[in-house]
4 protein chains.
Amino acid sequence: MTEYDPKDMEFRFLGNTGLRVSCLSYGGWLTVSEDSEKVTKECFEIAWSRGVNFFDTAEIYSNGECETVFGNVLKSLGWKRSDYVISTKLYFGFGEKSPNGRGLSRKHLMEGLDQSLKRLQLDYVDVIFAHRPDREGVPMEEVVRAFTQMINDGKALYWGTSEWSAFEIEHAHHIATKFGLIAPIAEQPQYSAFHRNRFEAEYKPLYDLYKYGTTIWSPLAGGVLTGKYNDGFAPGTRLGDQSSPVVQRIRKQWETPEGQAKIAKVRELTKIADRVGCTTAQLMLAFLLKNKNVSTILTGSSRAEQVVENLDALKVYRKLTDADVDEIEAILDNKPDYAALY
Amino acid sequence: MTEYDPKDMEFRFLGNTGLRVSCLSYGGWLTVSEDSEKVTKECFEIAWSRGVNFFDTAEIYSNGECETVFGNVLKSLGWKRSDYVISTKLYFGFGEKSPNGRGLSRKHLMEGLDQSLKRLQLDYVDVIFAHRPDREGVPMEEVVRAFTQMINDGKALYWGTSEWSAFEIEHAHHIATKFGLIAPIAEQPQYSAFHRNRFEAEYKPLYDLYKYGTTIWSPLAGGVLTGKYNDGFAPGTRLGDQSSPVVQRIRKQWETPEGQAKIAKVRELTKIADRVGCTTAQLMLAFLLKNKNVSTILTGSSRAEQVVENLDALKVYRKLTDADVDEIEAILDNKPDYAALY
Amino acid sequence: MTEYDPKDMEFRFLGNTGLRVSCLSYGGWLTVSEDSEKVTKECFEIAWSRGVNFFDTAEIYSNGECETVFGNVLKSLGWKRSDYVISTKLYFGFGEKSPNGRGLSRKHLMEGLDQSLKRLQLDYVDVIFAHRPDREGVPMEEVVRAFTQMINDGKALYWGTSEWSAFEIEHAHHIATKFGLIAPIAEQPQYSAFHRNRFEAEYKPLYDLYKYGTTIWSPLAGGVLTGKYNDGFAPGTRLGDQSSPVVQRIRKQWETPEGQAKIAKVRELTKIADRVGCTTAQLMLAFLLKNKNVSTILTGSSRAEQVVENLDALKVYRKLTDADVDEIEAILDNKPDYAALY
Amino acid sequence: MTEYDPKDMEFRFLGNTGLRVSCLSYGGWLTVSEDSEKVTKECFEIAWSRGVNFFDTAEIYSNGECETVFGNVLKSLGWKRSDYVISTKLYFGFGEKSPNGRGLSRKHLMEGLDQSLKRLQLDYVDVIFAHRPDREGVPMEEVVRAFTQMINDGKALYWGTSEWSAFEIEHAHHIATKFGLIAPIAEQPQYSAFHRNRFEAEYKPLYDLYKYGTTIWSPLAGGVLTGKYNDGFAPGTRLGDQSSPVVQRIRKQWETPEGQAKIAKVRELTKIADRVGCTTAQLMLAFLLKNKNVSTILTGSSRAEQVVENLDALKVYRKLTDADVDEIEAILDNKPDYAALY
């Protein structure tokens, strides 16, 4: 067991709480393979050695397998429980047919968390997220009551939202106020240089009102912001896969004029990265870290080297100047405007 | 273990919650006999195979035996807990003389639920009902506090009422508001084509204010709406039993002019059923399902064939036209009027 | 100006308040004629001289004229404001076509009270009643907020309900609790020996929960309980009027077997009255006064002698024994049962 | 003075209140000219004679002049106050430079309403709207407290919002809940066949949660939906004005390919109108009236004939079939989708 040493990691409060998370963290959403426990353990160890203290998963990831792997890895690593922060997310169930096997009903939430904790071999998670809003008719009171009870039961310390609209998050706060319940403290949103409106504009009042926290997913726009598609969709890369219909559909979006215009921007960003002396991915992570409303960026990888590369974005973030940021903004030319949103 | 498959079942939210129940469900109120486990298991399996996910019982049914049978059957079937929804009801105890052995005192409620859970071999029920209002002096605050605690203790996910007046249900909501407690979400009322006033008129504001759910019992008016007494009370039928004083009292009510007028209506309903191509019972269940304030109808039987007959009412419901419903209403000629109620 | 002297009047608190009202009081619902100011003034003076301190009217009575008459009479009598208690009732407007000219919207309530106060030439009424529930879609929150504001504005001291169901009164209390508003304190219900269910059974929990007050109207069942129709509907009596279709419709109800059975009971009651040495009307008012949930009975008359007769019921009430009451109950044979109600 | 007669007008509750407004109403936003009192009086009289009972203005309209005209016209017409419903809107002040002369500060709201009431010569308006959200830093608590006080002071019966985001409206409800204040009951939004997203998608949860009311402005997209620009921007029409830079900017938007595509749709709508036997404007108003979340449509005109034309849309609305609506939807091809919004 390696004793935890934060080294030169930067920690940020996860929203308006006292919980400190490393600004770069590890998300386990990737597919689980045969040697996934071994690989995950390597990734955890590297991240840990660089000061990462926050690890995120979800019940749906590989239908519970990701949580099981996390549980086994954490057990074998033997880290002190207070040294790390772990979150999981409930909503999707395992995609089964049972009508109560998914969603945000009290039934799925209470049953789902108990199942997740078993797989994780933990008494509690630090943060439990609602992986999506439930728009099929579940009243918000039921949702907020269930998460409050999880916290009161000691099965979670905080609760958060994922991919909820600002309206829905505000409504959850309203209901918490109304019934004296516990409000969510953070959102897990998609956010990248190419996906900014919701994070920067729609959520703006949430930062002002509640200091709402954020745990970012897809910070590199599915890989496009790494620059690896600057010269086309080469075989061997994810979007270069000619066999998967899903991948082909995504690739087609990048092949439209709008998609190509974005990739042209990535080529410009790569030039800045070259000048700064980092990878394009690192530049893009550093750019997001400059936003103080980012609590932490979830970076996920099943390769140790990539974990290292991602974590080194911290150094880039520290040396990135305001002029660099302005130059990136000029290339992106997509800064959201709250006033324009409504 | 059969994996749950909802097939073409229709699910409805149980009131203003995220809990989905099959619109036809299984109620275990019948008497328990020697082979009741075997019979109940058969009924459960047939219902399950048709998409039923909701099963209801009560502490009083055969003085706890019904819960015990349910518990054994559920254990032997090995269904996944999240796939089914189970409720029980507290109030009557076992008819014992002990002054605290029944009613809605905190003492009976807390003790009663623990006993029910033991018999059911479960950690929690999905819904716990107050089987009757307690009008002997138990303050509503005590009742609502006890049910709230059951939910907070994880022994139930929701609570409901059974045979409460609309006033009492509203008073429970008032007390929940006043003390920040959890309000009931559904009522288990008697409701049939011959017993409509309370369900359709008295409860009307509850649907408007709270989207209050309902789990219907006695949907066939004790069998009269099956048409089996259309030609008199034949020996071998329940009401044909000449030995039981209770049965004789009930039969006498059907032999009054008012009772006979109702049976004349059933004969007309049977004609419609013949035309539609279903049994009178199926027609009557389908007629109730047309009411959107019905969350689920509890159908109870100890014979597998009858379970099948009841569940096939779903098909009848789906083909019943507005004109059919109008014709049924014209025969019944008893549509309740909220304005006339008060 | 006559100084007020309560003499031997009995005062009762109007529900759970500190407001004391004479148990017999004066209601001005009768039609207004040319000399109505003169007649009303006579009635007021007689009532006053016997200790009556409570006077009730409504905006709808003769489309505002009744309030105007009350206002003029009160002004000319010059009574001290603190000596008398006055109430009016809002709901019906003047029957005009304007969609906001009636009902319990904030608009009609606020505008209606201001108009009533002008007609009454008063700064405030003691009690303002909602003359009916508004079941056309006005939310209870709006109703309770408006009455609360009237009280906060000093335009009324208390508010009450009239012909509301127990459910609606409980819902008003719920809303008052929920929003920290002022709940109603009394109901103005129809109540007589022939109209008991609502008052004695449906409202029962309101007395237990809130010590809800009552100001009774139609205590003599439209005159039938005076015994004046014991021998038929003679010309010159109200129900003897052959010209009015409305009267004829009411008379027909008394001519049914059920109606005749009631009149047969009145004949028996008249025998008791004879024995006790009072009129049948006085006996019936005395019988109602025996019910401690009656705060006051509104007796209305445009003839001075009748006012005297009604007020003398107080003496009958004081000498009526429990055995007399039992005898009356035996004749009536209609004591409501709360359990039977639901 | 003409007595008010609703005739065959359709009234709708303004949100979750008891206030009934005619579904077509009169908005006074147009510019005020020399004979504006005469013209406005004519328009009021015609509208009134057709059953319109709701009239809307704002402090900014002609810098207070519109309110002054409304006040004079109402005074000269002498209508009964309870027969009509009047609203005004605060936010913009008169465009003055004083930092406190506009916005939603308590200072501007309290001062602004008093000034508006003076101009209107009224003791109270029925509804007071916040003409815009104040995003410059005014806390919502201050805004909701100020509107609550207006209502408690008797200067307004209800308050509403105009052009607020669903988030802001939900936040106002949250604050009202938190501090026991009065929440807004209706929004005055732009809504037309070409401007649907906010009304139909963004606001959707507000209808579900609060039955939020709406008073529509710009129902004809600035005139384009009347069909008068189907053949170009002719001299003499509003958008044909070559002298105004503002008008030219608006016209240019309609001259883009997207703008022209919309006008092509209007040409198709005009064909339907011809077939139905009404003007394109009437068809478009009728189409909006089909949406049950529309409480009332503000139609504004300074020409009596146009008022008549607009109000005759009620007849078109009554005969418009579901098939007609489907056809209109097919042409518009812009039905908003809540799921796509977020």
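Of note:
- Filtering region D:98-139 to residues that are buried (at least 21 other Cβ atoms within 10 Å of the Cβ) and either hydrophobic (A, V, I, L, M, F, W, C) or on the phi > 0 side of the Ramachandran plot (or both) leaves D:Gly103, D:Leu104, D:Leu109, D:Leu113, D:Leu120, D:Val125, D:Val127, D:Ile128, D:Phe129, D:Ala130.
- Filter pass, C:Leu90 being more than 14 Å from chain D (Cβ to nearest Cβ) and within 22 Å of C:Leu298 (Cβ to Cβ): no
- Filter pass, C:Glu42 being over 19 Å from the mean Cα position of the chain (by Cα), among the acidic types (Asp, Glu) and assigned to a helix (DSSP H, G or I): yes
- Boolean, B:Val246 is β-branched (Val, Ile, Thr) and closer than 25 Å to B:Asp337 by Cβ: no
- Flag if D:Lys262 is more than 14 Å from every other protein chain (Cβ to nearest Cβ), touching a residue at least 40 places away in the same chain (Cβ under 8 Å), in a helix (DSSP H, G or I) and over 21 Å from D:Asp134 (Cβ atoms): yes
- B:Ile46 aliphatic (A, V, I, L, M), more than 10 Å from chain A (Cβ to nearest Cβ) and farther than 29 Å from B:Gly95 by Cβ: yes
- Subset of region A:19-61 [surrounded by fewer than 20 Cβ atoms within 10 Å (Cβ to Cβ) and among the hydroxyl-bearing types (Ser, Thr, Tyr)]: A:Thr31, A:Ser33, A:Ser49
- When A:Leu298, A:Leu269 are screened for being touching a residue at least 24 places away in the same chain (Cβ under 8 Å), over 16 Å from A:Cys23 (Cβ atoms) and aliphatic (A, V, I, L, M), only A:Leu269 passes.
- Test: residue in region D:233-250 that is in a helix (DSSP H, G or I), among the basic types (Lys, Arg) and within 14 Å of another protein chain (Cβ to nearest Cβ): no
- Within region A:207-234, the set of residues being over 17 Å from A:Leu269 (Cα atoms), surrounded by 22 or more Cβ atoms within 10 Å (Cβ to Cβ) and over 12 Å from the mean Cα position of the chain (by Cα) comprises A:Tyr212 only.
- Residue match in region C:145-165 (condition: among the charged types (D, E, K, R), at positive phi, outside any helix (DSSP H, G or I) and surrounded by fewer than 24 Cβ atoms within 10 Å (Cβ to Cβ)): yes
For (1) within 14 Å of chain B (Cβ to nearest Cβ); (2) closer than 30 Å to C:Val39 by Cβ; (3) charged (D, E, K, R), each residue gets a yes or a no:
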position	(1), (2), (3)
C:Phe287	no, yes, no
C:Ser295	no, yes, no
C:Ala304	no, yes, no
C:Leu311	no, yes, no
C:Val316	no, yes, no
C:Ala323	no, no, no
C:Glu327	no, no, yes
C:Ala330	no, no, no
C:Asp337	yes, no, yes
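- Screening D:Arg249, D:Arg267, D:Arg303 for residues that are loosely packed, with under 12 Cβ neighbours inside 10 Å, out of contact with any Lys or Arg (no Cβ under 8 Å at 6 or more places or on another chain), over 30 Å from A:Glu168 (Cβ atoms) and not aromatic (Phe, Trp, Tyr) leaves exactly one candidate, D:Arg249.
- Filter result (among the aromatic types (Phe, Trp, Tyr) and either within 21 Å of C:Ala176 (Cα to Cα) or in contact (Cβ under 8 Å) with a residue 24 or more places away in the chain (or both)) within region D:158-176: D:Tyr158, D:Trp159, D:Trp164
- Taking the criterion of being among the hydrophobic types (A, V, I, L, M, F, W, C) and either within 12 Å of another protein chain (Cβ to nearest Cβ) or over 19 Å from the mean Cα position of the chain (by Cα) (or both), the residues of region A:158-171 that qualify are A:Trp164, A:Ala166, A:Phe167, A:Ile169.
- Within region A:122-157, considering residues that are touching a residue at least 60 places away in the same chain (Cβ under 8 Å) and under 16 Å from the mean Cα position of the chain (by Cα), the one nearest to the other protein chains (Cβ to nearest Cβ): A:His131
- Qualifying positions in region A:92-121 - in contact (Cβ under 8 Å) with a residue 24 or more places away in the chain and basic (Lys, Arg): A:Arg106, A:Arg119
- Looking across region D:12-56 at every residue that is farther than 13 Å from D:Ile86 by Cβ and small (Gly, Ala, Ser), the one that is modelled with the lowest pLDDT is identified as D:Ser33.
- A search for C-beta distances below 8 Å between a residue of region A:177-192 that is more than 13 Å from chain D (Cβ to nearest Cβ) and any residue that is part of a strand (DSSP E or B) and surrounded by fewer than 20 Cβ atoms within 10 Å (Cβ to Cβ), counting only pairs 6+ apart in sequence or on different chains, returns A:Gln188/A:Trp217; A:Tyr191/A:Trp217.
- Selection of region C:185-206 for residues being more than 9 Å from the chain's Cα centre (by Cα), farther than 14 Å from C:Phe13 by Cα and assigned to a loop (DSSP other than H, G, I, E, B) yields C:Ala193, C:Phe194, C:Arg196, C:Tyr203.
- Residue identified as in contact with a Lys or Arg (Cβ under 6 Å, 6 or more places away or on another chain), closer than 20 Å to B:Leu74 by Cα and either among the aliphatic types (A, V, I, L, M) or in a helix (DSSP H, G or I) (or both) among B:Leu113, B:Leu117, B:Leu122: B:Leu113
- Some residue of region C:189-208 being at positive phi and not aromatic (Phe, Trp, Tyr): no
- Only a single item in (1) over 21 Å from A:Phe92 (Cα atoms); (2) surrounded by fewer than 20 Cβ atoms within 10 Å (Cβ to Cβ); (3) not small (Gly, Ala, Ser) is not met by B:Glu10, and it is number (1).
- Residue selected from region D:45-78 under the condition of a type in the set (Val, Ile, Thr) and in a loop (DSSP other than H, G, I, E, B), by the criterion nearest to D:Met9 (Cα to Cα): D:Val52
The values are calculated or read from the model by the stated rules, or taken from the named source; none is laboratory data. All values derive from a computational prediction rather than experimental measurement. When we count neighbours, we look across all protein chains shown, and the Cβ atoms used for this are built from the backbone with ideal geometry, even at glycine.
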